[in-house]
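The values are calculated or read from the model by the stated rules, or taken from the named source; none is laboratory data. Being a predicted model, the structure only gives us computed values, none of them experimental. Neighbour counts run over all protein chains shown; Cβ positions are idealised from the backbone, glycine included. For the accessible areas, the whole protein counts, side chains as well, though only heavy atoms, and no ligand, DNA or RNA atoms are used. Shrake-Rupley method; radii C 1.70, N 1.55, O 1.52, S 1.80 Å.
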Amino acid sequence: MKRVLYPMLLLIALLMMAGCEDVETYADMKEKEQDAINRFISSQRISVIDEGTFNAQGQTTDVAANQFVRFSRTGVYMQIVRKGSGEKLEENKNVVLLSRFMEKNMMTDSVVIRNDRRAYITLAGVGTIDVSQYIDKMNVRRTGTTITASFIEGMMYQYHGSTTVPAGWLVPLNYINVGYTENEGDEIAKVRLIVPHSQGTADASSSVTPYYYEITYQRSL
């Protein structure tokens, strides 16, 4: 009996060990996420600067040098392409902003959704749409350096099915201007972001996936 039992127990133990090896832990997923971010930074020849350097440069990034500032608290990387016309968000006031964007999955290096150019997709319950017609509109409020926001309508709202604005999208709003573009020479603020899952959409958070964004911000008339 013992001769039969021992091999069976050994087989069970080996199967359990193999099963455990197949389970991907949260730490494993975060390591893969960081690997994807590092690959992107290397492939795009991004020069990462810290917040001290960013502040010393007047809270700007050198686009010619492909600089991105990394915010240590959130892990978000940001490049300010255009600071924008007008002023920063007023404090303690609800402001409606308009945004166009491109969202790329950094694990697969594929564009997920965008509304910054004409493209057609099919959404369940909606049908085939031209995404460029769905500019994102969000209600934003700044209290000190804390910014809260919710989507009113747009492509992010339609695709991800949530009014929650990713925390990573709000990081630039402490550093850019969000004026109108009524006069010749007025510029719409534009940034590029690397957003880790903890600062991204619910989809990003659940899959531990980093996303790259190119986003414009302007005040709604």
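Miscellaneous remarks
- Residue in the stretch 65-85 that is open to solvent by 80 Å² or more (accessible area, probe 1.4 Å), part of a loop (DSSP other than H, G, I, E, B) and within 20 Å of SER220 (Cβ to Cβ) present: no
- Residues in the stretch 101-123 that are among the basic types (Lys, Arg) and open to solvent by less than 80 Å² (accessible area, probe 1.4 Å): LYS104, ARG114.
- Selection count, the stretch 130-177, where residues are buried (at least 17 other Cβ atoms within 10 Å of the Cβ) and within 19 Å of the chain's Cα centre (by Cα): 27
- Near pairs, Cβ below 9 angstrom, 6+ apart or cross-chain, from the stretch 25-44 (more than 18 Å from ASP109 (Cβ to Cβ)) to any residue that is open to solvent by less than 50 Å² (accessible area, probe 1.4 Å) and in a helix (DSSP H, G or I): LYS30/HIS197
- If you go through the stretch 126-165 and keep only what is of a type in the set (A, V, I, L, M, F, W, C) and in contact with a strand residue (DSSP E or B) (Cβ under 8 Å, 6 or more places away or on another chain), you end up with ILE129, VAL131, ILE135, MET138, VAL140, ILE147, ALA149, PHE151, ILE152, MET155, MET156, VAL165.
Yes or no, residue by residue, for (1) touching a strand residue (DSSP E or B) at 6+ places or on another chain (Cβ under 6 Å); (2) at pLDDT 95 or above; (3) acidic (Asp, Glu); (4) surrounded by 11 or more Cβ atoms within 10 Å (Cβ to Cβ):
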{"position": "MET17", "(1), (2), (3), (4)": "no, no, no, no"}
{"position": "ASP22", "(1), (2), (3), (4)": "no, no, yes, no"}
{"position": "ILE41", "(1), (2), (3), (4)": "no, yes, no, yes"}
{"position": "ARG45", "(1), (2), (3), (4)": "no, yes, no, no"}
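- Meets criteria (assigned to a helix (DSSP H, G or I) and hydroxyl-bearing (Ser, Thr, Tyr)) for THR108: no
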